[in-house]
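Working notes, structure below.
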Amino acid sequence: MRIHKISERVYAIHADIKSDDLFEGIWPIPYGVSLNSYVVKGEKIAVIDLVRDWVGAPAEFSAQLASIGLEVKDIDYLVLNHLEPDHTGWLAEFKTLNPHVEILATAKGIDLVKSFYKIEDGLRAVKTGDVLDLGGDVKLSFIETPNVHWPETMLTWDERDRVLFTCDAFGSFGSLGDRIFDDEFNDEEHKFFESEGLRYYANIVASFGVFVTRAIEKAARLDIGVIAPSHGIVWRQDPCHMVKKYSKYAGYLEGPREKEIAVIWGSMYGNTEKGLTAALRGIEDVGVPYTIHRVPNEDVSWVLADSYKSEGILIAMPTYEYRVFPPMAYVLSILERKHVFNRKALRIGSYGWVGGAKKEYENLIAPLHWESLEQVEWAGAPSEETLSLLYQRGRELAKAVDPDRP
Ligand code: FEO
C-alpha cells in the first residue's frame, strides 16, 4: 500500500486489516477493515489518529511515512480524535520511538492516554474551538463530538484545505486495497461499502444515534471539501455522501425506516421452519421485501444490520428447555443494546413437550417497545389450520409494515 496525497500538505496513510480476529472482540470482518491515519504538514508535522499493532499496521504506517521523507521521530504532534485501541494500540511504542511528541486529545481522551498507556508527559487537552498552529498558515481546530462513539471523541478540522478528520464517524468496514478516494471506486464497489457501512454503523455506532445527529449538525456548519474518516473511504468527490448516509441511519432510531422485514429464525427439528414457510408466503403475497437470517448459523452482526434498517421484525423460534431458544435470547439482547426499538413485530414457533418461550420472549422484548401481533405457537408439527393462521399473520405483519400495499 502507498501513501495518498489529499492536498499539498495533507496525506492519508492506511493499513488494510484482514484477520480472523473479531472487531471489538465481537464483530466479524471477513472483508477486512482499514485503519486510516493522516499527516498534516506545516512548519511542524501533525499525525491524526494512529493504529493498533495489528496485522503489521505499524510497519505499514512507518513505511508510508518514509515514502514522504518522514520518520516517526519527525512527528511534532499526535492528534487523537478517539482513544479506542484500534486507533491507539501502538501509542506506547510510538511514544518510545518519539519521546518528544506532544499528544492532543479531549480532556477525557487524555485521561484514557494515561489509563491505557501510562503516559504522563507531553499531553495537551483540547476543547471545541482550540487551535493547533502548525506554522506555514496551517492550523488545525477541534470540535468535541462526544459519544461518536465513546465519550472522549472529537473531530479535527483543517480549514485551509477544508478537510474534516472524523475518526469513527462516517466510516465503514471493508478493506480498501491500494485506493482510498471515493472517485476511485466503481458503482458495484460503492454498493459493497454502503452495505459494510450500514453494518459498521449498526454494530459500532447505533447505540449513540442521538449523538451522531448532534455531530452531523456541528459538521454541517463547515464548508467541507474532504471527509477523512479513520475507517474506510476518503470522500473528496462527494464529501458529504457518507454524512447523508449516517444521517439516514441515525434517523432509523425514530423512523422512518425501510419498509422491509428482517426475518430471524432458528429451528431445532424443522417444525418452526415449516411454520415460518407459511408466514413467509403471507409476506410475499403482500409484496413487502424481507431479509432472512438463521441463528446461530449466521452471526448477529448481519442480523443487527438488517434489523436496524427494517420497520418489521419476524422472530421464528421454538421453545428450548421451557424457555426461549438460546441463540435468539442473545440476538434479542443485542437488539435491545443497539436500540432496535418501536418495530412492528411477530413471533412464531413450535414447542415439543411443554411451552415456555412465549412468556420469556414477552419479557425480553418489553424494553424494545415493539408493536407486536399476537404470537402463534403450536405443539409439534404445524397443522393445516396453524399453517393457515401463520399465513394470515405473515400478511398482517407485512400490512403493518407497509399499509399502502393492497
Ligand atoms: Fe475505530 Fe471506536 O474505534
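The values are calculated or read from the model by the stated rules, or taken from the named source; none is laboratory data. Predicted model only: the values in this text are computed from it and were never measured. Here Cβ is always computed from backbone atoms with ideal geometry, including for glycine, and neighbour counts include all displayed protein chains. When the accessible area is computed, the model is the full protein with side chains, heavy atoms only, and any ligands, DNA or RNA have been set aside. Shrake-Rupley method; radii C 1.70, N 1.55, O 1.52, S 1.80 Å.
Key figures
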read-out: Alpha-carbon Debye profile of the chain, log10 I(q)/I(0) at 0.12, 0.14 Å⁻¹; value: -0.91, -1.11
read-out: Signed unit charges on C-beta, dipole axis of the chain, positive-most listed residue Ala125, Ser307, Pro28; value: Ser307
read-out: Phi to ³J(HN,Hα) by Karplus 6.51 cos²θ - 1.76 cosθ + 1.60 over the stretch 65-70, Hz, x for Gly, Pro; value: 4, 4, 5, 10, x, 10
read-out: Ordering of 230-237, 129-136 by burial proxy (mean other Cβ atoms within 10 Å per residue, highest first); value: 230-237, 129-136
read-out: Rounded FRET efficiency, nearest 0.05, which uses the C-beta distance separating Glu385 from Lys244 and R0 of 41 Å; value: 0.25
read-out: Compactness relative to 2.2 N^0.38 Å, alpha carbon Rg of the stretch 262-398; value: 0.94
read-out: Summed side-chain charge close to Lys41 - residues other than Lys41 whose Cβ falls under 13 Å, Lys, Arg +1, Asp, Glu -1; value: -2
read-out: q = 0.16 Å⁻¹, the stretch 97-142: log10 I(q)/I(0) [Debye, one scatterer per Cα]; value: -0.49
read-out: Point-to-point label distance, Glu194-Glu120, nm (Cα→Cβ direction, 7 Å offset); value: 5.3 nm
read-out: Per residue accessible area of the chain, 1.4 Å probe, in Å²; value: 41 Å²
read-out: Shape parameters for the stretch 151-281, alpha-carbon atoms, Rg then Dmax in Å; value: 18.2, 64
read-out: Estimated D of the stretch 327-398 in µm² per second, where Rh is the Kirkwood radius over Cα pairs and Stokes-Einstein applies at 37 °C, 0.692 mPa s; value: 248 µm²/s
read-out: Accessible surface of Thr96 - all protein chains present, 1.4 Å probe, nearest 10 Å²; value: 100 Å²
read-out: Candidates Asn81, Asn271, Asn297: whichever shows maximal mean-square fluctuation once the chain is modelled as a Gaussian network with Cα springs under 10 Å; value: Asn297
read-out: Computed label-point distance, nm, for sites Lys18 and Glu217 using a 7 Å Cα→Cβ extension; value: 4.3 nm
read-out: Carbon + sulfur, % of accessible area of the chain - ligands and nucleic acids excluded, 1.4 Å; value: 50 percent
read-out: In Å², nearest 10: area of Ser67 left accessible to a 1.4 Å probe; value: 80 Å²
read-out: FRET E, pair Glu362, Asp299, Förster distance 30 Å, beta-carbon r, rounded to 0.05; value: 0.70
read-out: Where labels lie 7 Å past Cα in the beta-carbon direction, separation of Ser67 and Ser207 in nm; value: 3.7 nm
